[in-house]
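Here is the structure we will look at, set down as C-alpha cells.
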Amino acid sequence: MSDGQKDAKSPRARPGRPSTKPQPPTYTVEVLAKGLDVLDALRSSGEEMRLSEIARASGLDVSTTFRLLRTFEQRGYLLRDAQTRKYRLCLGYRSYRIGYAQLSSDQWFSRKVTQGLLDAAGKHRAELIVADNHQDPDKAIENARWLLTQNLDFVIEYNFHYRTAPILASMFAKARIPTMAIDIPQPEAIFFGVNNYEVGWMGGEALAEFAQREWGGRIDRILLLELTDAGRAPQSRVIGTLAGLEHRLPGVNTRRVIHRNSKGNETGGYMATQRVLRSLGPRERLAIAAANDEGARGAIRAVRENRREKYTAILAQGWGPDPALDEELGREGTPLIGAVAYFPENYGAAILPVVLRYLNGRRVPPSVYTVHTLITNQMSKRGEP
C-alpha cells in the first residue's frame, strides 16, 4: 500500500468530518484529573465512603476508581477500614505540625492520653510535637514559649492550673495559633473533656444509692476532695455531686459538707482525709467524692490506716480506669465503692479528627465531650466503656 493510499483511508484525509470523541484540554494529564476527582469526592463528603459511592460521586467506573484508591492508599493519602471497607482521607498528611503539652508524664492518666494522641497522629499522618508540663504552671509557660518556635499549625494544651490558662491563651493568640484545651478550659480554645456537672451528678447518685443499701440512708458527713487549682470547670463536678445526692437521698444534710483541696495528688488526698477523719466520731458515716484518681488513692490509704472501711464510702470521679484503683475496686471490704471512668486511652482518637477538621476549614463545636461511665464494685465485669 502506498503512502497516498494510507492517507486516503486516514480520518485526517477527510477534513470535513468532525471527531466524535471529546478531546481533553491541552496539557491536561487525564489520569491525574481522575485521581483528583476521587480525592474531591471524599473531601466533599467529609465522611468515610465505599468504593461504589466514590465511583458514583466522581463519575468514574468502578475499576478505574479501585485502581486509583489502591494507589492513594499505598502512598499514604487514604486509609481503608478493613472491617467496613470504607475509605477516608488522611487529613494532615505531610502538612500539619501539632504541638501537645501533656499534663505530666508521671501520671498514669496523662500517659494514656499522650499515647492515644501519638497513635492517632500516626494514623492520620500528622506530626505531633510533645512537651511535658509536669503539672507545673511555670513549666507550662516555658513549654508554650518553646512550642512557639516549632512552626506549628495547632497546639493542644493539657494544663492543670486555671490561672495559667489566660497567659497561654494570650501567647498563642498573638502567634495566631489555634488551640484546644483538655479537661481545663482555656480562653479561645476548643474544649475537650468530660461534662463535669453530669460526672458529679452520677457520682452523687452512686454514693446515695450505696448509703440507702448499706447504711439505711444515713450519711453523717460528706467530704469533697476538690481540685481548687483547676478552677471552675471541675468545681461544677462538686455542684453536681451534691445535686445527685439530694436527688437520690432527699433527707441528706448537705450542710454537713466538708470542702478540701486534694491538690490533684495522692499526698494531698491523704492529708485532707486524715484531718477530717480525726474530727469524726467512731461510728459516723463519711461519704467521700474524690475529683481524680490520685486524690482517691490518698483517701483510701488514710481510711485504711484508721480502720474506717466499714463507715466510709469513697467514689472516684476522675478515673482512668487506673490499674491500681481497678485492683482496689475488686478487693473485699474496700471503701472504694465505685468510680466514674473516662477512658483516657480513647482521647486521642476523638481529639485528632476534631483538630484536623478545624485545620481543614470545617466547623467544629466549641466543646467536645468525652464519654464517661459509672463502674462499681457490684459489677462482675469492670473497665468497659
Excluding Tyr197 itself, calculate the net charge of residues whose Cβ lies under 12 Å from the Cβ of Tyr197, where each Lys or Arg counts +1 and each Asp or Glu counts -1. +1
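Contour minus end-to-end for Ile239 and Arg163, with contour as 0.36 nm per residue of separation and end-to-end as the Cα-Cα distance? Let's see the in-between values first.
Details: separation 76, 0.36 × 76 = 27.36 nm, distance 2.10 nm.
Extra length available between Ile239 and Arg163 comes to 25.3 nm.
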For a paramagnetic label modelled at 7 Å from the Cα of Arg357 toward its Cβ, which residues of region 32-52 fall within the zone defined by backbone nitrogen distances under 13 Å? 46-48
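How high is the relative contact order of the chain? Use alpha-carbon pairs under 8 Å, at least six apart in sequence, and give a whole percent.
Working: 711 pairs, mean separation 49.7, N = 385.
That works out to 13 percent.
Stretched out fully, how many nm does the piece from Ser279 to Thr254 gain, at 0.36 nm a residue minus the Cα gap? The partial results should precede the final answer.
Details: separation 25, 0.36 × 25 = 9.00 nm, distance 1.76 nm.
7.2 nm is the gain from fully extending Ser279 to Thr254.
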At 7 Å along Cα-to-Cβ for each site, give me the label-to-label distance between Ser367 and Glu305 in nm. 3.8 nm
Using the Cα centre as the reference, give the magnitude of the dipole from point charges on the C-beta atoms of region 231-385 (Lys, Arg: +1; Asp, Glu: -1; all else neutral), rounded to the nearest 20 debye. 620 debye
If one puts a single equal scatterer on every Cα of region 21-153 and applies the Debye formula without solvent, what log₁₀ I(q)/I(0) results at q = 0.14 Å⁻¹? -0.75
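How many Å³ per residue does the convex hull of the Cα positions in region 271-385 occupy? Before the final figure, lay out the partial values.
Values: hull volume 13.1 nm³, N = 115.
Spread over its residues, the Cα hull of region 271-385 gives 114 Å³ apiece.
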Using the Kirkwood radius over Cα pairs of region 196-341, the Stokes-Einstein translational diffusion coefficient at 4 °C and 1.567 mPa s, in µm²/s and rounded to a whole number, is 89 µm²/s
Along each of its three principal axes, how wide is the spread of alpha-carbon positions in region 73-215, in whole angstrom units, largest first? 63, 45, 27
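On a full-extension model of 0.36 nm per residue, what is the gain between Ala173 and Ala324, subtracting their alpha-carbon distance, rounded to one decimal in nm?
Values: separation 151, 0.36 × 151 = 54.36 nm, distance 3.97 nm.
Computed gain between Ala173 and Ala324 is 50.4 nm.
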Could you work out how far the C-alpha centroid of region 126-160 sits from that of region 298-360, in angstrom? 26 Å
Two-site FRET efficiency, Arg331 against Thr267, from Cβ-Cβ distance with R₀ of 22 Å, rounded to 0.05: 0.50
Would you please state the base-10 log of I(q)/I(0) at q = 0.11, 0.23 1/Å for region 44-117, with intensities from the Debye formula using one equal scatterer on every alpha carbon? -0.43, -1.02
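Let a ≥ b ≥ c be the square roots of the eigenvalues of the Cα gyration tensor of region 291-338; is it rounded (a/c under 1.5), or, if not, prolate (a/b larger than b/c) or oblate?
Values: a/c = 1.87, a/b = 1.46, b/c = 1.28.
The shape class here is prolate.
If you take the Cα Rg of the chain and divide it by 2.2 N^0.38 Å, with N the number of residues, what do you get?
Working: Rg = 29.2 Å, N = 385, 2.2 N^0.38 = 21.1 Å.
Normalised by 2.2 N^0.38 Å, the Cα Rg of the chain equals 1.38.
Here, each number is a calculation from the coordinates, and none is a lab measurement. Because the structure is a prediction, the values reported are computed rather than measured. Here the Cβ is made from the backbone with ideal geometry for all residues, glycine too, and neighbour counts use every protein chain on show.
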